[in-house]
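The values are calculated or read from the model by the stated rules, or taken from the named source; none is laboratory data. Computed from a predicted model, the values in this text were never measured in an experiment. Counting neighbours? That spans all protein chains shown, and the Cβs are built from the backbone with ideal geometry, glycine included. What goes into the accessible areas is simple: the full protein's heavy atoms, side chains included, and nothing from ligands, DNA or RNA. Shrake-Rupley method; radii C 1.70, N 1.55, O 1.52, S 1.80 Å.
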Amino acid sequence: VPALVEVAILTTPPIVPQLMAQGTLEALDQTTFSPTKLAEAKRKEIADGFARIAAQSPRGAGAYNLIFRDGGLIGPNAFALPDGTLVVTDQLVEMAGADTEMIVGVLAHEIGHVEHEHSLRQLYRAAGMTGLIMLIAGDVGSAVEDVLVQGGGLLALSYSRSAESEADRRSVELMAKAGYDPTAIARFFTLLEEKLGDKSDTNILSTHPGTPQRKKEITDYARIISGQSDPDLQ
């Protein structure tokens, strides 16, 4: 299956991620989301920071689109759709308070998910051997097509721990390149610990597991790319 997943990624037409993203966002807008209530000045501040980090991506700033939504039952969160659309909820912005840089760090993490095509990989793994063979052969039945273009499949998936770690490292890299604090996303996990009571080895937000360990890995990686030595080894 892993090899078939990579073949499926390579043979996926650009229209498929676009349809998946459109279907997912439409489903959320109909069932959960409502229009953002954030002040225009706050949205612009975040959007400016987002444009700054998106410009560091090999895909270019034009490959990404940031939208704001009142998250409703989803609450404080940010996520990326496979076509480069990134969604941030009012509740996450409100939880961050004045720390806009932290929000930018979270968005850099989500750009990492898009760059590494984690959404497609998770969806294709869930499709199984038969579904992948049908997809690669171009014989997409109605059930597979519904998962691909209606967005239901994406809503049911969460990233693997390795995918989350990969996106964390990408956040560190993009933030450093853009001149921001490369460990800013670690403050997001501190917020989860303080505001949501997540102090265990597995995060209560299923898409962001292993908060304490991830904070350490983020700071360690930021130290490595900045050329600093580990104080614990001195």
Inset, instruction - Go through the residues of the range 186-205 one by one and say whether even a single one is within 23 Å of Phe50 (Cα to Cα) and either at pLDDT 95 or above or among the small types (Gly, Ala, Ser) (or both). - result: yes
Legend entry - Check on Gly210, under 18 Å from Asn77 (Cβ atoms), small (Gly, Ala, Ser), in contact with a Gly (Cβ under 8 Å, 6 or more places away or on another chain) and modelled with pLDDT under 80: no
Inset, instruction - Identify the residue in the range 58-107 that is part of a loop (DSSP other than H, G, I, E, B) and among the aliphatic types (A, V, I, L, M) and, among all such residues, is most open to solvent (accessible area, probe 1.4 Å). - result: Ala98
Inset, instruction - Quick one: in the range 27-84, of everything that is hydrophobic (A, V, I, L, M, F, W, C) and under 20 Å from Leu123 (Cβ atoms), which residue is modelled with the highest pLDDT? - result: Ala63
